[in-house]
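Please read the structure below before turning to the comments.
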C-alpha cells in the first residue's frame, strides 16, 4: 500500500463511528511502520487508538502519536487540535488544551474562537 492508500483507508474506517475494530488499529500500526515519516499516518494512528473499545484504550499512546505527528510536521494544525481535544476532553485540562488550540489557529491564520 502507498502512504496515500493508508491515509484514505484509515480516514474511511475512522469516519464510520466512535469505535473501530482491532483490524483498524493494526492497519494504523502497519502504516506507521511502513511510513514512519508520515505525520498524517501518526495522527490517524492516534485517532485509531482512541476509537478502540473502552477496555482497550491507550490514551497515553494516542497522545504520543499526536506528538509524533507534530514532531514530523510542526505546521500540522489538525494534530495540535487533536492534542487540544485530548487535554480538554480526556484530561479535563482546558488551560493546556487552549495552548494547543491557539497554536492550531495560528497555523491556520485564524482567530481563536
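Quick check: is even one residue across the range 52-59 at pLDDT 90 or above and in a helix (DSSP H, G or I)? Full working, then the answer.
Applying the first criterion (at pLDDT 90 or above) to the range 52-59 yields none.
The answer is no; no qualifying residue exists.
In the range 47-56, is there at least one residue being surrounded by fewer than 20 Cβ atoms within 10 Å (Cβ to Cβ) and within 14 Å of the chain's Cα centre (by Cα)? Yes, the range 47-56 has at least one match.
I'm trying to understand the selection: among the residues of the range 85-113, which are closer than 17 Å to residue 63 by Cα, touching a helix residue (DSSP H, G or I) at 6+ places or on another chain (Cβ under 9 Å) and assigned to a loop (DSSP other than H, G, I, E, B)?
Going through the range 85-113, the residues closer than 17 Å to residue 63 by Cα turn out to be 85-101, 103-104.
From what's left, touching a helix residue (DSSP H, G or I) at 6+ places or on another chain (Cβ under 9 Å): 85-91, 93-101, 103-104.
Listed by number, the residues that qualify are 91, 93.
Out of curiosity, is residue 30 part of a helix (DSSP H, G or I), at pLDDT 95 or above, more than 14 Å from the chain's Cα centre (by Cα) and under 23 Å from residue 1 (Cβ atoms)? Yes, satisfied. Taken over the range 3-20, the residue count meeting the criterion of being surrounded by fewer than 14 Cβ atoms within 10 Å (Cβ to Cβ) and more than 14 Å from residue 46 (Cβ to Cβ) is 9. In the range 73-84, the residues that are closer than 19 Å to residue 61 by Cβ reach residues that are modelled with pLDDT of 95 or more and in a loop (DSSP other than H, G, I, E, B) with C-beta atoms within less than 9 angstrom, at least six apart or across chains, in these pairs: 79/73.
The values are calculated or read from the model by the stated rules, or taken from the named source; none is laboratory data. Bear in mind that the values here come from a model prediction, so they are computed numbers and not experimental data. So basically every Cβ, Gly included, is an ideal-geometry build from the backbone, and we count neighbours across all protein chains shown.
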